[in-house]
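Novice: Take this structure first; my questions come after.
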Amino acid sequence: MQYNPLEIESKWQKQWDETQAFEPSSDFIQAKKYILSMFPYPSGRIHMGHVRNYTIGDAIARHHRKHGFNVLHPIGWDSFGMPAENAAIKHGVHPKKWTYENIDYMRKELASLGLSFSKKREFAASDVLYTKHEQRIFIEMFNKGLVYQKSATLNWCNTCQTVLANEQVEEGCCWRCDNPVEQRLLPGYYLKITQYAQELLDDCEKLKAGWPNQVLTMQENWIGRSEGLEFSFSLSAESKAKLAHQFESYKVFTTRPDTIYGVSYSALAPEHAIVKYLIEHKLLSEEKIAQIKKMQSVGARERAQAPKEGVSLEINVIHPLTGKNVPVWVANFVLIEYGGGAVMAVPAHDERDFEFANKYNLPIIQSIESSTPFDGTCATTEYGKLVNSAYFSGLASKEAQKAIIAHFEAQKMGTKVINYKLRDWGISRQRYWGAPIPMIHCPKCGLVPEKFENLPVALPEDVEIKGEGNPLDKHLTWKYTTCPCCGDNAIRETDTMDTFFQSSWYFLRYTTDPSLWHDVPFDKASANYWMNVDQYIGGIEHAILHLLYARFFTKVLRDLGYVNTDEPFANLLTQGMVLKDGSKMSKSKGNTVDPDAIIKTYGADTARLFILFAAPPQKELEWNDSAVEGAFRFLKRFAQKAENAFTCKEIPNINHATLSKESKYARKKVYEALKKSNEIFEGGYTFNTLIAACMEALNALSDQNDATVWSEGYFVLLNILEPIVPHVCWEMSETLFGCANFSPIAIKEEVFVEESMILAVTVNGKKRTEIEVETSISKEEALRLGKESVAKWLEGSELIKEIYVPNKLINLVVK
C-alpha cells in the first residue's frame with residue numbers, strides 16, 4: 001500500500017466529522033470514561049506542547065472508546081486574559097476579534113492532528129452564555145458568604161493605571177512600560193478558599209492513588225497547615241506613650257514555642273499598622289521612613305528572595321515569660337498576610353532570623369541544645385532539649401511545646417491555634433477582557449449583587465484599549481446603572497474576574513448536552529454521571545493554583561447543591577515540556593518548531609508517533625529532526641509491508657504448532673505488543689515502550705513469510721496503533737479487513753508456550769557455549785548434549801560434578 005499521509009488524513013478527518021464519530025452517548029447506563037486535557041489559551045498558533053498534551057489525551061480516549069466505554073473527550077478555550085489586551089494595545093485590534101480569530105485558526109490546526117474531540121461541546125470561556133452562568137455562581141457564592149470585599153496591598157503601575165500580577169513585575173518595574181511599581185492599598189473581591197483549607201488538605205489523601213506525589217506535596221505545602229502558639233507581645237510603657245496609646249500590644253504566631261526563651265527581637269511587616277502609624281506621624285527619621293517605603297514598594301515574592309533588610313522602630317515589647325524588653329524592628333521578610341504580620345525572632349534557631357540578627361548585630365540567645373553543637377556561627381534548627389529556659393530547661397522540644405502552650409493558656413496569655421499559609425483568593429482584575437463581576441454599588445443599599453434575571457452582565461464592545469487604566473471605568477453608559485434592590489442610581493462594578501475563575505469549573509460545563517446550556521451552567525444528572533474526570537492531562541506549571549482552585553470550586557458547587565462529587569480529577573498526568581537545544585521552546589529564543597510545517601511535510605500521524613515515542617509523557621522531550629524522519633519512515637514501511645497480508649474479516653485461525661520457528665516468534669512479538677498495550681493504558685502511559693514493541697513485532701513479521709501470520713499480525717497491530725496513529729490505521733484496516741473496526745482482542749496464550757530453550761554450558765563456571773534443546777528434555781539428555789558440546793574442554797580432565805539448572809544452564813566441574 002502506498003503511504004500518502006495528506007490524502008489519507010484528509011479523507012478520514014472528513015469522515016469522522018460527517019459521522020460525528022466522537023460524540024458521547026446520552027446513555028448513562030453505559031460505563032464511562034471522561035478524558036480531559038487542560039483548557040488551551042487561544043494565543044494564535046498551536047505549539048509542540050499543545051501537540052504533546054492533546055495527542056496523549058487523544059490516545060487515551062481512543063483506547064477507551066474501542067474498549068466499549070462511553071467516552072467524553074472535549075475541548076474548549078480559556079479565552080479571557082491579558083494577552084488579548086496586549087494585542088489590542090500593540091496592533092489596535094479589539095480583544096474579542098483577536099481572541100475569536102485565534103480560536104478559529106487554532107481549531108483548524110488541532111483538527112489537522114485528527115484529535116477525537118467532541119465538536120458539539122466546544123465553547124470559549126469568553127462566550128456570553130458561559131459568563132451568564134459564571135456570574136450566577138459568583139452571586140450564589142456571595143449569598144453563601146464565600147465572597148467578600150476588602151482592601152489589600154497590590155502591585156500598582158501608576159503609568160499604566162493598572163494592578164499587576166507578581167509575574168508582571170520585573171526588578172520592581174512594570175513589565176510593559178518599565179516604570180517603577182508601587183504597593184497600593186486597593187479594594188478587591190476575595191473568595192473564602194481558607195474556609196475549605198482543612199478539607200483541601202485532608203482530601204489530598206484521596207488523590208494519592210492517581211496524582212503524582214510531587215503535585216500533592218506542592219498542594220500540601222501551599223496550603224501549609226501549621227500548629228503553634230498565638231500570643232500577644234505587650235508594648236513597653238515608653239513605647240505605648242510614643243504611640244500615643246493607640247496600640248497596647250500585637251499578636252504573633254510561632255510553630256516553635258519551645259524556642260521562646262531565645263527571642264532577642266521582634267519583627268513587623270512593612271505594612272503593619274504600627275509601622276504605618278510611625279510613618280504617618282513622622283515618629284521616625286526621614287532616612288528610616290524612606291527605607292521602609294522602599295520595602296513597601298517591593299512585592300511579596302521579590303522580598304522573599306531578596307537579602308534580609310530591616311529598620312529599628314525604636315520601640316520595645318515585653319517578653320511574656322522573662323519580662324525583659326525586646327526591641328522591635330521592621331523586616332522585609334515578614335509578610336502582612338501571615339500570622340498577623342508580626343514574628344518573634346529566635347536567631348539561634350531560625351536561619352532567616354539569624355541572617356537578620358547577624359547583619360544588624362542583634363543578640364543571639366541559645367535556648368535549644370541539639371545534636372548539632374551551637375557555636376554562634378549559624379542557626380541550629382533541630383529539635384533537642386531546652387536550655388536557658390527557666391523551669392522548662394531539660395525538657396525535650398516536643399514535650400516543652402505542649403508544656404509552654406499549656407502555661408500560656410492557663411495564664412490566659414495565649415492559645416494553641418492552627419494556621420494555614422493559604423490565603424483567600426483575590427479575583428479582582430482592573431482590566432477589560434474578563435468576566436464582569438456582577439455587583440452593584442448603591443449609595444443607599446451598599447454592595448448588592450445583580451438580579452439573576454439581569455444576567456449576563458456582558459462587556460460593552462465599543463471600547464478602545466490603550467493600556468491606561470480600565471476601559472470599563474471610563475465607559476459611562478455601561479458603568480452607571482440602577483440598583484437592583486431600590487431602583488435608584490448606582491454604579492456597576494468595573495473589576496473583572498481572574499481567569500482562574502473560568503478554568504475552575506469549565507470541566508463541569510462539558511458534561512452537559514449543549515441543548516441545555518442556555519438554562520443551566522450544567523445538568524446535575526449529567527455531571528454526576530461523568531464526574532470525576534477519569535484522566536486529566538496538563539503541564540506541571542499548573543500543579544498548585546489551577547488545580548487547587550478547581551478542587552475548591554468543586555467542593556463549593558457540591559455545597560451549593562450542583563454536584564455530588566468532592567474532587568474533580570481522579571487521575572492526573574503532568575506531561576513534561578518539549579525542549580529544543582536543551583531549553584524550552586520559545587519564540588524569543590528562536591528555537592520553536594512549527595507543528596503545521598511538520599504535518600504538511602510528514603503528516604499528522606508522524607507528528608503523533610514522534611511525540612509519543614520520543615519520551616515517556618511525564619519526562620521532558622528533546623526535539624530531534626532525524627527522529628521525526630525516522631517516525632515517518634516507520635509508518636511508510638508499515639503501510640508498504642501490508643502487501644504481504646491477505647484481506648480477511650477477522651483474525652484468521654492459525655495452527656501454531658505447524659508454523660516455522662520464525663513465524664512462531666513473529667506471533668509471539670505481536671502478542672507481546674498487545675499485552676504491552678493493555679498494560680500501559682492501565683496507568684503510566686509509557687507509549688514509547690508500546691511503540692518500540694510494535695516496531696519489534698513488525699521486524700519479526702518481516703523475518704517470516706507466512707501470509708496468514710502477516711494478516712493476523714496486521715489485524716492486531718492496527719488495533720494497537722489506532723490510538724497513536726489513527727489515520728493510517730483506519731485506512732489500512734479498511735483496505736485489508738473491509739472496515740475500520742477496532743475492538744478488544746483476546747491474547748493468544750499459545751504463542752507464549754516455548755517449545756525450545758537455550759541452555760548455557762559452563763566448565764568450572766566459565767561459559768563455553770550455548771545449546772538449544774526442547775523444553776521437555778530430561779536432565780540426563782540435557783547433560784549428555786551439554787557434555788558433547790564442550791567435549792574439547794573436557795579432554796584430559798576428570799569430570800567430578802555435573803550440575804543442571806532447568807531452563808538456565810549446565811555446569812561441568814573438572815580437575
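Novice: Would you call residue 399 outside any loop (DSSP other than H, G, I, E, B), free of Cβ contacts under 8 Å to residues at least 24 places away in the same chain, under 17 Å from residue 232 (Cβ atoms) and out of contact with any helix residue (DSSP H, G or I) (no Cβ under 7 Å at 6 or more places or on another chain)?
Specialist: no
Novice: For region 310-361, which positions are in a helix (DSSP H, G or I) and surrounded by 21 or more Cβ atoms within 10 Å (Cβ to Cβ)?
Specialist: The first filter runs over region 310-361 and keeps only residues in a helix (DSSP H, G or I), leaving 339-341, 347-349, 351-359.
Of everything in region 310-361, those that are in a helix (DSSP H, G or I) and surrounded by 21 or more Cβ atoms within 10 Å (Cβ to Cβ) turn out to be 339, 341, 347, 348, 349, 353, 354, 356, 357.
Novice: Can I ask one more? Would you confirm whether any residue within region 158-175 is out of contact with any helix residue (DSSP H, G or I) (no Cβ under 7 Å at 6 or more places or on another chain), part of a strand (DSSP E or B) and surrounded by fewer than 17 Cβ atoms within 10 Å (Cβ to Cβ)?
Specialist: Checked region 158-175: at least one residue is out of contact with any helix residue (DSSP H, G or I) (no Cβ under 7 Å at 6 or more places or on another chain), part of a strand (DSSP E or B) and surrounded by fewer than 17 Cβ atoms within 10 Å (Cβ to Cβ).
Novice: Confirm whether residue 52 is part of a loop (DSSP other than H, G, I, E, B) and either of a type in the set (D, E, K, R) or crowded, with 20+ Cβ neighbours inside 10 Å (or both).
Specialist: Values: part of a loop (DSSP other than H, G, I, E, B): no; either of a type in the set (D, E, K, R) or crowded, with 20+ Cβ neighbours inside 10 Å (or both): yes.
No.
Novice: Residue by residue through region 645-660, note down the ones that are surrounded by 12 or more Cβ atoms within 10 Å (Cβ to Cβ) and in a helix (DSSP H, G or I).
Specialist: Listed by number, the list holds a single entry, 656.
Novice: Moving to a separate point now. Within region 554-563, can one find any residue that is at positive phi and either of a type outside the set (Val, Ile, Thr) or part of a helix (DSSP H, G or I) (or both)? Full working, then the answer.
Specialist: As a first pass, look at region 554-563 and keep what is at positive phi: 561.
Next cut, either of a type outside the set (Val, Ile, Thr) or part of a helix (DSSP H, G or I) (or both) only: 561.
Yes, that holds for at least one residue.
Novice: Follow-up question, since we're still on this one. Just name the residue that is farthest from the chain's Cα centre (by Cα) out of those in region 509-522 that are assigned to a helix (DSSP H, G or I) and in contact (Cβ under 8 Å) with a residue 60 or more places away in the chain. Quick ask: steps written out before the conclusion?
Specialist: First pass over region 509-522, keeping only residues assigned to a helix (DSSP H, G or I): 509, 514-516.
Adding the requirement that they be in contact (Cβ under 8 Å) with a residue 60 or more places away in the chain leaves 509, 514.
Working: 509: 20, 514: 28 Å.
Selected residue: 514.
Novice: Those residues that are out of contact with any Pro (no Cβ under 9 Å at 6 or more places or on another chain), hydroxyl-bearing (Ser, Thr, Tyr) and either touching a residue at least 40 places away in the same chain (Cβ under 8 Å) or over 22 Å from residue 755 (Cα atoms) (or both), I need them from region 660-716; list them, please.
Specialist: Passing the criteria: 660, 663, 671, 702, 714.
Novice: Continuing with this model, one more query. Of the residues 14, 33, only one is of a type in the set (D, E, K, R) and either touching a Ser or Thr at 6+ places or on another chain (Cβ under 9 Å) or free of Cβ contacts under 8 Å to residues at least 12 places away in the same chain (or both); which? Steps first, please.
Specialist: Working: 33 fails: either touching a Ser or Thr at 6+ places or on another chain (Cβ under 9 Å) or free of Cβ contacts under 8 Å to residues at least 12 places away in the same chain (or both).
The conditions single out 14.
Novice: Further question on the same structure: Inspect region 622-630 for any residue being under 24 Å from the mean Cα position of the chain (by Cα), closer than 30 Å to residue 6 by Cβ and of a type in the set (A, V, I, L, M, F, W, C) and give the result as yes or no. Give the derivation first.
Specialist: First pass over region 622-630, keeping only residues under 24 Å from the mean Cα position of the chain (by Cα): 622-623.
Still in the list and also closer than 30 Å to residue 6 by Cβ: 622-623.
Subset that is of a type in the set (A, V, I, L, M, F, W, C): 623.
Yes: region 622-630 contains one or more residues that are under 24 Å from the mean Cα position of the chain (by Cα), closer than 30 Å to residue 6 by Cβ and of a type in the set (A, V, I, L, M, F, W, C).
Novice: Something else now. One residue is enough: does region 532-543 have a residue meeting the conditions touching a Ser or Thr at 6+ places or on another chain (Cβ under 9 Å), crowded, with 16+ Cβ neighbours inside 10 Å, modelled with pLDDT of 95 or more and part of a helix (DSSP H, G or I)?
Specialist: No - not one qualifying residue is present in region 532-543.
Novice: Any idea which residue in region 14-39 is surrounded by the fewest Cβ atoms within 10 Å (Cβ to Cβ), counting only those that are touching a helix residue (DSSP H, G or I) at 6+ places or on another chain (Cβ under 7 Å) and farther than 25 Å from residue 78 by Cα? Give the derivation first.
Specialist: Kept after step one, since they are touching a helix residue (DSSP H, G or I) at 6+ places or on another chain (Cβ under 7 Å), are these residues of region 14-39: 22, 28, 32-39.
From what's left, farther than 25 Å from residue 78 by Cα: 28, 32.
Values: 28: 12, 32: 18.
The qualifying residue surrounded by the fewest Cβ atoms within 10 Å (Cβ to Cβ) is 28.
Novice: All but one of (1) under 19 Å from residue 115 (Cα atoms); (2) surrounded by fewer than 22 Cβ atoms within 10 Å (Cβ to Cβ); (3) in contact with a Lys or Arg (Cβ under 6 Å, 6 or more places away or on another chain) hold for residue 623, so report the exception by its number.
Specialist: Checking residue 623 against (1) under 19 Å from residue 115 (Cα atoms); (2) surrounded by fewer than 22 Cβ atoms within 10 Å (Cβ to Cβ); (3) in contact with a Lys or Arg (Cβ under 6 Å, 6 or more places away or on another chain), the one that fails is (1).
Novice: Residue 322: farther than 27 Å from residue 241 by Cα, more than 35 Å from the chain's Cα centre (by Cα) and assigned by TED's automatic domain parsing to the domain that holds residue 402, yes or no? Spell out the reasoning first.
Specialist: Working: farther than 27 Å from residue 241 by Cα: no; more than 35 Å from the chain's Cα centre (by Cα): yes; assigned by TED's automatic domain parsing to the domain that holds residue 402: yes.
No.
Novice: Of the residues that sit in region 134-157 and are among the hydrophobic types (A, V, I, L, M, F, W, C) and part of a strand (DSSP E or B), which one is nearest to residue 465 (Cα to Cα)?
Specialist: The residue in question is 157.
Novice: So is residue 570 of a type in the set (A, V, I, L, M) and in contact with a helix residue (DSSP H, G or I) (Cβ under 9 Å, 6 or more places away or on another chain) or not? Walk me through how you get there before you give the answer.
Specialist: Values: of a type in the set (A, V, I, L, M): yes; in contact with a helix residue (DSSP H, G or I) (Cβ under 9 Å, 6 or more places away or on another chain): yes.
Yes, satisfied.
Novice: Take region 770-788 and flag every residue that is within 20 Å of residue 661 (Cβ to Cβ) and not aliphatic (A, V, I, L, M).
Specialist: Scanning region 770-788 gives 770, 772, 774, 775, 776.
Novice: Now for a separate question. Among the helices (runs of 4 or more DSSP H) contained in region 674-791, which hold 2 or more residues that are closer than 30 Å to residue 35 by Cβ? Can you show your working first?
Specialist: Details: elements: 687-702, 707-721, 726-737, 779-789.
Of the helices (runs of 4 or more DSSP H) lying wholly inside region 674-791, those with at least 2 residues that are closer than 30 Å to residue 35 by Cβ span 687-702, 707-721, 726-737.
Novice: Determine which member of the set 34, 100 is assigned to a strand (DSSP E or B) and not assigned by TED's automatic domain parsing to the domain that holds residue 688. First the steps, then the outcome.
Specialist: Values: 100 fails: assigned to a strand (DSSP E or B).
Answer to the selection: 34.
Novice: What's the number of the only condition in (1) over 30 Å from residue 4 (Cβ atoms); (2) within 50 Å of the chain's Cα centre (by Cα); (3) not acidic (Asp, Glu) that residue 790 fails to meet?
Specialist: (2)
The values are calculated or read from the model by the stated rules, or taken from the named source; none is laboratory data. All values derive from a computational prediction rather than experimental measurement. Every residue, glycine among them, receives a Cβ derived from its backbone with ideal geometry; neighbour counts consider all protein chains shown.
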